[in-house]
Amino acid sequence: MNKEEQDRLVKACKKNDRNAMEKIYNTFMPRMLAVSFRYCKNQSDAKDIVQEAFIKVFKNIKKYKHNGTLGSWIERIVVNCAIDDWHKRKKTVLIDNSELIEEGEIQELDDFEKDHFSKQLSSDKLRTLINELPEQYRYVLNLYAIEGYSHKEIGKILKIKESTSRSNYTRARKKLLENMRAIGIEKYQ
């Protein structure tokens with residue numbers, strides 16, 4: 001869908017045009033489901049988050065300023081809905097900095113390359129490995145590595161200390177490496 005078509009559909013949505021809403025939903029729903037699934041352990045929860053997000057999208061479409069792509073704006077809403085959902089059902093306290101991370105572990109993780117996953121893992125297998133992470137690690141990993149938030153921003157979003165976000169991210173990366181090794185994928189093969 002090109003920019004002109006998106007702009008035309010957004011204008012129609014602002015006038016409560018159901019056909020335009022349906023077109024936007026059908027166009028962006030598969031991508032948004034994938035985004036939501038990064039934060040959820042199962043597709044049912046991911047679908048619920050996407051449904052809630054699209055309700056918010058259409059309720060707030062008048063606030064869309066055309067500053068970025070429509071897809072990016074919708075994605076931000078999906079991520080925020082996933083975070084809100086997590087806050088609602090959060091039962092455990094996020095891991096704090098009570099455990100020190102050894103300097104050698106940090107160096108090992110610094111050697112880790114982003115594209116290493118994509119060279120050796122299918123997206124489904126990577127999603128499975130990420131879903132095996134403890135929830136607090138998974139959220140920090142997604143927000144930092146995929147969504148591009150800073151640790152300071154993550155701290156505010158998840159209501160944790162910035163240092164806790166850094167620690168959880170480091171632990172998430174370490175756990176992913178361990179899980180990769182456990183299934184026979186070694187670094188730099």
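Values as computed for the structure displayed
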{"quantity": "Residues of region 1-20 classified as open to solvent by 90 Å² or more (accessible area, probe 1.4 Å) and within 16 Å of Lys59 (Cβ to Cβ), total", "calculated": "3"}
{"quantity": "Tally, over region 54-75, of residues that are at positive phi and surrounded by 15 or more Cβ atoms within 10 Å (Cβ to Cβ)", "calculated": "0"}
{"quantity": "Single condition Leu70 does not satisfy, out of (1) touching a residue at least 60 places away in the same chain (Cβ under 8 Å); (2) within 21 Å of Tyr144 (Cα to Cα)", "calculated": "(2)"}
{"quantity": "Meets criteria (touching a Phe, Trp or Tyr at 6+ places or on another chain (Cβ under 9 Å) and under 19 Å from Lys3 (Cβ atoms)) for Tyr39", "calculated": "no"}
{"quantity": "Residues satisfying the stated conditions in region 21-42, i.e. modelled with pLDDT of 95 or more, crowded, with 18+ Cβ neighbours inside 10 Å and farther than 15 Å from Ile77 by Cα", "calculated": "Lys23"}
{"quantity": "Residue ranges of helices (runs of 4 or more DSSP H) in region 87-189 with at least 2 members under 22 Å from Val35 (Cβ atoms) and at pLDDT below 85", "calculated": "115-120, 123-131"}
{"quantity": "Met21 within 30 Å of Arg89 (Cβ to Cβ), touching a residue at least 40 places away in the same chain (Cβ under 8 Å) and in contact with a helix residue (DSSP H, G or I) (Cβ under 7 Å, 6 or more places away or on another chain)", "calculated": "no"}
{"quantity": "Region 43-78, subset in a loop (DSSP other than H, G, I, E, B) and not β-branched (Val, Ile, Thr), residue modelled with the highest pLDDT", "calculated": "Asn60"}
{"quantity": "Residue match in region 43-53 (condition: more than 26 Å from Lys14 (Cβ to Cβ), surrounded by 15 or more Cβ atoms within 10 Å (Cβ to Cβ) and hydroxyl-bearing (Ser, Thr, Tyr))", "calculated": "no"}
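The values are calculated or read from the model by the stated rules, or taken from the named source; none is laboratory data. As the structure is a computational prediction, the values presented were derived from the model and not from experiment. We place every Cβ from the backbone using ideal geometry, glycine too, and count neighbours over all the protein chains shown. Ligands, DNA and RNA are excluded from the accessible area calculation, which covers all protein heavy atoms including side chains. Shrake-Rupley method; radii C 1.70, N 1.55, O 1.52, S 1.80 Å.
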